1. What Kirkwood Rh does segment B:403-451 have if only Cα atoms enter the pairwise 1/r average? Answer in Å.
2. I'd like to know how segment A:132-311 sits against the 2.2 N^0.38 Å rule of thumb: what's its Cα Rg over that expected value?
3. What's the extension gain from B:K143 to B:K20 if we count 0.36 nm per residue and subtract their Cα-Cα distance?
4. Does anyone have the angle between helix A:258-271 and the longest principal axis of chain A? Alpha-carbon axes, 0 to 90°, nearest 10?
5. How do A:H333, A:H160, B:H194 rank when sorted from fewest to most other Cβ atoms within 10 Å of their own Cβ?
6. So for A:D257, A:D201, B:D63, fewest C-beta neighbours within 10 Å to most, what's the order?
7. Quick one: 3J(HN,Hα) in Hz for segment B:348-361, Karplus 6.51/-1.76/1.60 with θ = phi - 60°, rounded, Gly and Pro as x.
8. Write down the radius of gyration of segment B:274-396 and its Dmax, each obtained from C-alpha positions, in Å.
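Every number in this text was worked out from the coordinates using simple rules, so none of it is lab data. As the structure is a prediction and not an experimental result, all values here were calculated from the model. Quick reminder, even Gly has a Cβ in these numbers, built from the backbone with ideal geometry, and neighbours come from all protein chains shown.
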There are 2 protein chains.
Amino acid sequence: MSEALRTDLYQLTMMQAYWKSRHNPEATFDYFVRKIPSGSYLVTAGLSYVLDYIGNLRFEEDDIEYLRTQGFDAGFLEFLRDFRFTGDILAMPEGNIAFPLEPIIRVTAPIIEAQLVETFLLNRMNFSTLITTKASRVVYAAKGRAIAEFGLRRAQGDAHLEATRATYIGGCSSTSNVLAGKKFGIPVSGTMAHSFVTSFDHEIDSFRAYAAAFPKRCFLLIDTYNSIEGAKKAVIVGKELEKKGEKLLGVRLDSGDLSELSKQVRMILDGAGLDYAKIVASGDLNEWKIDELMNKGAMIDIFGVGTELVTGRPAPALDGIYKLSDVVEHGRHIPKMKLSEETVKATLPGKKRVWRIVENGNFVKDIISLDEETFENAKPLLEQVVKNGKIICGRPSLDEIRNRALKNISCLPDKYKKFEDAPSYPVEFSSRLTDLRERIIEKIRKEEIRG
Amino acid sequence: MSEALRTDLYQLTMMQAYWKSRHNPEATFDYFVRKIPSGSYLVTAGLSYVLDYIGNLRFEEDDIEYLRTQGFDAGFLEFLRDFRFTGDILAMPEGNIAFPLEPIIRVTAPIIEAQLVETFLLNRMNFSTLITTKASRVVYAAKGRAIAEFGLRRAQGDAHLEATRATYIGGCSSTSNVLAGKKFGIPVSGTMAHSFVTSFDHEIDSFRAYAAAFPKRCFLLIDTYNSIEGAKKAVIVGKELEKKGEKLLGVRLDSGDLSELSKQVRMILDGAGLDYAKIVASGDLNEWKIDELMNKGAMIDIFGVGTELVTGRPAPALDGIYKLSDVVEHGRHIPKMKLSEETVKATLPGKKRVWRIVENGNFVKDIISLDEETFENAKPLLEQVVKNGKIICGRPSLDEIRNRALKNISCLPDKYKKFEDAPSYPVEFSSRLTDLRERIIEKIRKEEIRG
């Protein structure tokens, strides 16, 4: 299926208007985020999807036929037939740490091309970055305990594959999502549901049936009727496994006071010599609840997290935007910005770069500059990934992206990872950018408002 | 691509355990919702996806190969090769109104089959129902004004198609999502972005270029620099269109105080004789904000709603669940339920039906009963859609589903549609169901907890 129509209608109407008015200057757009819904930082993800899209972007015959039924101009539809993306793209690699207002992706192309790609780019970058960031928070809360993602049943429909990929980049250890396991090579994990237990005459029958089927990887769900009684039955089955030379891997709690129950269950297991059996806990967990459980000394080895991880709840959307910052007319750069009633919705003009100052392995400060500026002792964060429509960057594996993300997260000082009231990371504008911004605001006020 | 692996790993491990222990009784599962995140009712959707899935469910060679790498038993993998769904499904048709605890779908099949389909069914039903319900609330808030959905850029990745379909069933009038328009035949709408305006030397140049490209469907975005000044320029272009025998369709506001600005812009348009031009408003709208705008007398004809509609924000997931309620052993029905620490997480035992009492076209009360009970003057809500693995129901068009949803929503009294503190709609259990539930709870307490 062609991805060309995975866009907003207004991209196509604008394209026709650009085409018809022969207004097709080289334009630069920035993808950035104004406000982070939870916390102070983002872990970027989604670029792989954008590059695949850019590389394959074309309108198929049936796309063009559909647009014909929507009243588009015949000449414009002919133009779409040979449409290709021919521009340049700079981007932060996947797994980077980004902050508000920093260009994460910078697209430079004839405006008719740069305009079209907006919607797909936003759709992918917003969601993958949202979920990767969320996962990094949940992983941070668990202080080294593993996070198993099992959100498929509550994921937003087909979003589940991209969501699972993002949770893995953000540091989760495994997924319940078999298709994601197959497609991305992510480790899969899973045990049993309450229905398995209740389908048997007695709970212990279900435990024995499962242990017989999976003697080497047996986790038992013990809260179907009563977690403490369930733990005692798990001990019986664990002892039976020992007699066969096997070991019960663990038990899972899915309801009740997880802190208190985990301690009691730990005592029951240890008391019976099953100190090797792990405790998995699940049930609407998130970074705040895991943090609380850890602070209470819960005896939990693995956290299963579903809904919150894959939907980003309570903030299911990242408001990343794609804004025009520069147009070239008659060989001259004309910096552009949106002003609007709400100052907070204004944008930064001109082609820009982002720089990061790192000291002793810690991220200290970022600078947003104009394109032509350079800063010594600062690392440029935008890398060229597409040149004249061709992808020129390497395509790292998912594990490479995940490792980069984990490395970057470890360089961000802990204070920025607090779940409440994290301070803002310092992002400065270069003085030349600040000057340009003031000049453009004054120009707009004069020409468009007071004029 | 095969859909068989779009499931949680534990469905497959449980299946292997059922298979290995030769424990494969006929089982009945209910899909239902315990708690509705916003409001008192649900508008069901997603059944079309479930039926397509059931009809095509099989494991392809590469699925089986992947499972082999995950350590599944060779005999079990052979069994999967011929796997088909052979059971019965009863369901509320798409576009029905449902309430907490009511079975929306009831699956009866050998447990090894009924277990597998859980994850896909939950994934689709939870998301489509969530978004259709959300859309019905946004549409209700607008009191007859049209809702244009444009959430693609903030949708959760690939969820956007299902989301747009759901918003249309829930009553939205159009979408910006071109692919959804092509795939589902949903009307598409869209105009221009701020980048279109800023890409020209002056705002009015951009308006003129757009009017030249789309003289018959010209909406102008007027808030790029200043909404009032933008409205005055829109009037100039509207007058120019009049001279060509055309009419400006309208203007769009995307920031600022939408109530106040819409009134001022309405006066500017009317004062210039452009009383026919409509005002579209957008900018992080939802049912509460639209309700407030309507109460303030905002002069808005069309609301554009994006993020909140397609993600369900602030509640991005519906906690619909799929629970075992009955198992047949040696020809005898054994009602099943989960008890657990938290009473609220207990389930209803036995094969069940749902009935609705309607008076003068208004929904009055629902009854959940056992399978064999009937109620005079009550409408049965569950219809058989699959028999022995074959789909036996009609497959209504999207517009038919939408019309049914709108009809059903209109039968729900207004008090249940309030955005805050809506009362609970009365859902009663039949006395036989109540008796059965008490009996099973006592049995579990005796055999699994005190035992």
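1. 14.4 Å
2. This ratio for segment A:132-311 stands at 1.01.
3. Extra length available between B:K143 and B:K20 comes to 38.5 nm.
4. 40 degrees
5. Ascending number of Cβ neighbours within 10 Å: A:H333, B:H194, A:H160.
6. A:D201, A:D257, B:D63
7. Those phi angles translate into 9, x, x, 6, 10, 10, 10, 10, 10, 9, 10, 10, 6, x Hz.
8. For segment B:274-396, the Cα-based Rg and Dmax read 22.9, 77 Å.
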